[in-house]
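The values are calculated or read from the model by the stated rules, or taken from the named source; none is laboratory data. All values derive from a computational prediction rather than experimental measurement. All Cβ positions, glycine included, derive from the backbone under ideal geometry; neighbour counts span all protein chains shown. When the accessible area is computed, the model is the full protein with side chains, heavy atoms only, and any ligands, DNA or RNA have been set aside. Shrake-Rupley method; radii C 1.70, N 1.55, O 1.52, S 1.80 Å.
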Amino acid sequence: QVQLVESGGGLVQAGASLRLSCAISGRTSSSNEMAWFRQAPGNERDFVASIAWSDGFTHYSNSVKGRFTISKDNAKSTVYLQMNTLKPEDTARYYCALTIAPGITTIPEEYEYWGQGTQVTVSS
């Protein structure tokens, strides 16, 4: 059973940076795609960024491209989301997710495993 545990959220001012971490346990496949999604109250869960575990290929939503960086540490089985130049509209609960199917997908329903999320609040 795969388990994902996020950490690193918090309350920051606009323009600040945060780094989120997602620790993965129980992963057995090397063809996983890892992703970060976010969800603000009353909104749908939106794709933020993804990374292929095998080759590190990354994909970003247009809203975070150039500000956020997704990365991974294979030895630590951890995925990171470095968030710079944060804006109030980045405020949301951030979730990491894993799909055992290869390839890039931005659709939440195609991810089989989810963490419980970590809250990011950006004040203006």
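Quick check: is even one residue across region 77-86 open to solvent by 20 Å² or more (accessible area, probe 1.4 Å) and without any contact (Cβ under 8 Å) to a residue 24 or more places away in the chain? Within region 77-86, not a single residue is open to solvent by 20 Å² or more (accessible area, probe 1.4 Å) and without any contact (Cβ under 8 Å) to a residue 24 or more places away in the chain. Pairs are defined by a Cβ separation below 8 Å, a sequence spacing of at least 6 or placement on different chains, a first member in region 1-12 that is in contact (Cβ under 8 Å) with a residue 40 or more places away in the chain and in a strand (DSSP E or B), and a second member that is of a type in the set (A, V, I, L, M, F, W, C) and open to solvent by 60 Å² or more (accessible area, probe 1.4 Å); the pairs so defined are LEU4/TRP114. Screening PHE57, PHE37 for residues that are within 15 Å of the chain's Cα centre (by Cα) and open to solvent by less than 60 Å² (accessible area, probe 1.4 Å) leaves exactly one candidate, PHE37.
Among the residues of region 14-24, at least one is open to solvent by less than 10 Å² (accessible area, probe 1.4 Å) and at pLDDT 95 or above.
Within region 40-54, the residues that satisfy the criterion of being open to solvent by less than 30 Å² (accessible area, probe 1.4 Å) and either of a type in the set (Asp, Glu) or more than 10 Å from the chain's Cα centre (by Cα) (or both) are ALA40, ALA52, TRP53.
Filtered by the rule that a residue be of a type in the set (S, T, N, Q), in contact with a Leu (Cβ under 9 Å, 6 or more places away or on another chain) and modelled with pLDDT under 95, region 30-76 gives a lone residue, ASN32.
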